[in-house]
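**Q** Quick one: structure below, then a few questions.
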Amino acid sequence: MRNSMVCICFFVVMTFVSCAQDPENKVNVPENKVVSAELVVDGLQIPWGMAFLPDGGMLITEKSGELIRFKDGQKTTIGNLPEIYNRGQGGLMDLELHPDYSENGWIYLSYASPEGAEKGGNTAIARARLQGNQLADLEVLYKAGPNTIRGQHFGSRIEFDSDGYLYFSIGERGERDVNPQDINRDCGKIYRLHDDGRIPADNPFIDSPEARPAIYTYGNRNPQGMARHPQTGEIWIHEHGPRGGDEINIVKKGANYGWPLVTYGINYSGTPITDQTEMEGTEQPIHYWVPSIAPSGMCFVTSERYPDWNGNLLVGSLSFQYLERLELDGNTVVKREKLLDGMGRVRNVRQGPDGFIYVAIEGKGIYRLVPQG
């Protein structure tokens, strides 16, 4: 298959909606900038995850269940994947390389798995190595249960912290009144493991007989963005709210993020979920969106290719079909900028080893952002 290289020039346009840090929308509007977007990988439908290989190639997951290696303009399908439960929002989702990938070759995958006694599926985390065009040494590190035929809220982002611990998200699977506040149940949580699947001895609920010991936080709804802060090393997440109330949170050991006891959103029908937006014992988001942008994918900008964006956060929007740039002052969002407006549902965004930003857009492919001037 060929590598399409399409150069599209567009203007960066500032838009903003009400948020926790700026309820009156009083923000400074930056000057418009011209950048170019080059289509690097074409012919993709729902490119959920992407990771950059040391040899200059890229691994890409398609939600439908295909793992693709892209190099030198060619796509190769990788075989021997685990069985994928492709339903609704679930399928083959995120992937991440081990921090020492060059030495050990481990690739980490999140996917909806039918493994288990019940019908349906739930989120699983596995690792494997590439051997030619096949996965080898496949190990399932965690499988959430029970299975359900519901098609929503699989979560599934993966990230390593600076100490080599593996973090991953599992959404509450549409069972908001059952799963997220119960630490004896999977789903609606952030989890933390050693890279080989062992439970860390200092996990917050390790000594509780009524808890799943891999759980690191709870009260989460559906986190589909996760990134390590380049200065603090903290793990940041964003998660889907209902109708309104998408959030950015910093992962804290044992913390309760409140869903569904507190939220800035309402039911999709327009009826209230709760009248509480904060509550003792729950964490407040550092930022929230009303209306919801349906965030997916997340990365911090550290590249010298974008000097004006250094330290900024990039987040994809599925609902409004753009890439959002958030300028930070510490943990406070002070400016928001809309990029790639109307180009399509942004599923993921990553900074590559070449310093360029890569953006995965559903129904199109993966674009590289190139600064102009």
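**Q** Check the stretch 79-292 and count each lysine pair with an alpha-carbon distance under 20 angstrom, considering only pairs eight or more places apart or from different chains.
**A** Details: Lys119/Lys143; Lys143/Lys189; Lys189/Lys252; Lys189/Lys253.
The result is 4.
**Q** Using a Gaussian network for the chain with springs between C-alpha atoms less than 10 Å apart, which of these wobbles most: Glu210, Glu175, Glu159?
**A** Glu210
**Q** Continuing with this model, one more query. Can you give the calculated 222 nm mean residue ellipticity of the chain, where each DSSP H run of n ≥ 4 adds -39,500 (n - 2.57) and the sum is split over every residue, rounded to the nearest 500 deg cm²/dmol?
**A** 0 deg cm²/dmol
**Q** I need the Debye-formula profile for the stretch 79-292: one equal scatterer per C-alpha, no solvent, reported as log10 I(q)/I(0) at q = 0.11, 0.13, 0.15, 0.17 1/Å, two decimals.
**A** With no solvent term, the Cα-only Debye profile gives -0.50, -0.71, -0.94, -1.19.
**Q** Any idea what % of Cα-Cα pairs in the stretch 244-373 are farther than 20 Å?
**A** So the pairs more than 20 Å apart make up 51 percent of the total in the stretch 244-373.
**Q** Once each part is reduced to its C-alpha centroid, what is the distance from the stretch 122-152 to the stretch 196-266 in angstrom?
**A** 21
**Q** If you average the sequence gap of Cα pairs under 8 Å that are 6 or more apart and divide by the length of the chain, what percent do you get for the contact order? Numbers along the way, then the final one.
**A** Details: 1055 pairs, mean separation 55.3, N = 373.
Result for the chain is 15 percent.
**Q** Can I ask one more? Taking the Cα centre of the stretch 79-292 as origin and charging only Cβ (+1 Lys, Arg; -1 Asp, Glu), how large is the dipole, in debye to the nearest 20?
**A** 560
**Q** Separate question: Please state the relative contact order of the stretch 150-210 as a whole percent: Cα pairs under 8 Å, 6+ residues apart?
**A** Relative CO of the stretch 150-210 lands at 27 percent.
**Q** Taking every DSSP beta bridge with both residues inside the stretch 73-176, roughly what % is antiparallel (nearest 5)?
**A** Looking only at bridges with both residues in the stretch 73-176, the antiparallel portion is about 95 percent.
**Q** Given just the C-alpha atoms of the chain, how large is their convex hull per residue in cubic angstrom?
**A** Spread over its residues, the Cα hull of the chain gives 136 Å³ apiece.
**Q** Additional query: Calculate the FRET efficiency for Ser162 and Ala117 from the Cβ-Cβ distance with a Förster distance of 35 Å, rounded to the nearest 0.05.
**A** 0.35
**Q** Would you grab the residues whose amide H sits under 5 Å from the one on Gly49? Only those 5+ places off in sequence or on another chain, please, with H modelled 1.01 Å from N.
**A** Distant-sequence amide H within range of Gly49: Thr61.
**Q** Measure off 7 Å from each Cα along the Cα-to-Cβ vector at Gln45 and Thr232, then give the distance between these two points in nanometres to one decimal.
**A** 3.9
**Q** Also, quick follow-up: Can you list the residues, at least 5 places off or on another chain, whose amide H is less than 5 Å from the amide H of Ser36, using H built in the peptide plane?
**A** Val370, Gln372
**Q** Skipping prolines and chain starts, which residues have an amide H placed within reach, meaning under 5 Å, of the one on His287, given they are 5 or more residues away or on another chain?
**A** Counting only residues 5 or more places away or on other chains, the set is Ile248.
**Q** Follow-up question, since we're still on this one. How far, in nm, would the chain grow between Asp196 and Thr332 when pulled straight, counting 0.36 nm per residue and subtracting the alpha carbon separation?
**A** Residue separation times 0.36 nm, minus the Cα-Cα distance, leaves 45.5 nm.
**Q** Which lysines have a Cα lying under 27 Å from the Cα of Lys364, excluding residues fewer than 8 positions away in the same chain?
**A** Counting by Cα, and skipping residues close in sequence, Lys364 has these lysines nearby: Lys33, Lys63, Lys71, Lys75, Lys338.
**Q** Residue-wise, which Karplus ³J(HN,Hα) couplings in Hz belong to the stretch 149-163, taking 6.51 cos²θ - 1.76 cosθ + 1.60, θ = phi - 60°, and x for glycine or proline?
**A** 7, 4, x, 10, 6, 8, x, 4, 7, 10, 7, 9, 8, 6, 9
**Q** Which whole-number percent gives the relative contact order of the stretch 79-292, counting Cα pairs below 8 Å spaced six or more residues apart? Intermediate values should be presented prior to the final figure.
**A** Numbers: 567 pairs, mean separation 27.6, N = 214.
Relative contact order of the stretch 79-292: 13 percent.
**Q** Hey, another quick one. Considering only DSSP beta bridges where both residues belong to the stretch 79-292, give the percentage that are antiparallel (nearest 5).
**A** Numbers: 45 of 47 bridges.
In the stretch 79-292, DSSP labels about 95 percent of beta bridges as antiparallel.
**Q** Between Asn184 and Gln372, 0.36 nm times their residue separation minus their Cα-Cα distance comes to what?
**A** 62.5 nm
**Q** Under the √(5λ) rule applied to the eigenvalues of the Cα gyration tensor, what semi-axes describe the equivalent ellipsoid of the stretch 33-108? Give them in Å, descending.
**A** 21, 19, 12
**Q** Something else now. Any chance you could run the full-extension gain for Arg305 through Ser102? It's 0.36 nm times the residue separation minus the Cα-Cα distance, nm to one decimal.
**A** Computed gain between Arg305 and Ser102 is 70.6 nm.
No lab work stands behind these numbers, since they all come straight from the coordinates. Just so it is clear, the model here is predicted, and its values are computed rather than measured. Every residue, glycine as well, gets a Cβ built from its backbone with ideal geometry; the counts of neighbours run over all protein chains shown.
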